[in-house]
Amino acid sequence: VISSVALGILEFYGAFDRITAAIAPISVSVFGLPPYAFTALIFGILRKEMTLGTLVVLAGTPDLSTALSGLQLYVFAIMSVLFIPCISTMAVLYRQLGARTVALVSVYTVFTGLCIAALVNAVAGLFG
């Protein structure tokens, strides 16, 4: 519930627009994703299950095939699955295993998700 409120507040104050502008160069050049798709991934940290819903809202259509190519949807799915765990998962890890484990898991999953998604996008770019 708290993360839903946080998302609403961030959207109200224009955080989506500022984040989108800041990450646009990397999102487009490295991952082949429109900036709003990367923004949806970032907000998935608050609530993992809302990643796709946020993408639909930011894309402006529930038919994502009109806003993103098949490759873009595939890269988005890879990043969504492998990206940093949501806050509730991190809270459980913290309670059970401590802050060091949460930090290690977070760094590892972010690194893995970003590298594999960038690799998939780069390899796909070689083939057209």
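The values are calculated or read from the model by the stated rules, or taken from the named source; none is laboratory data. None of these values were measured; they are calculated from a predicted model. Glycine gets a Cβ as well: all are built from the backbone with ideal geometry, and neighbour counts include every protein chain shown. All accessible areas refer to the heavy atoms of the entire protein, side chains included, with ligands and DNA or RNA removed. Shrake-Rupley method; radii C 1.70, N 1.55, O 1.52, S 1.80 Å.
Data table
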{"read-out": "Residue within the range 72-84 that is of a type in the set (Ser, Thr, Tyr) and under 19 Å from the mean Cα position of the chain (by Cα) present", "value": "yes"}
{"read-out": "The listed residue being aliphatic (A, V, I, L, M), part of a loop (DSSP other than H, G, I, E, B) and open to solvent by 30 Å² or more (accessible area, probe 1.4 Å), out of 46, 71, 52", "value": "46"}
{"read-out": "Lone qualifier among 69, 80, 65 - being of a type in the set (Gly, Ala, Ser) and out of contact with any helix residue (DSSP H, G or I) (no Cβ under 8 Å at 6 or more places or on another chain)", "value": "69"}
{"read-out": "All positions within the range 1-21 that are in a helix (DSSP H, G or I), modelled with pLDDT under 85 and of a type in the set (A, V, I, L, M)", "value": "2, 5, 6, 7, 9, 10, 15, 19"}
{"read-out": "Yes/no for residue 24 being under 30 Å from residue 126 (Cβ atoms), free of Cβ contacts under 8 Å to residues at least 24 places away in the same chain and assigned to a helix (DSSP H, G or I)", "value": "yes"}
{"read-out": "Condition met for residue 29 (within 24 Å of residue 108 (Cα to Cα), open to solvent by 60 Å² or more (accessible area, probe 1.4 Å) and at pLDDT 80 or above)", "value": "yes"}
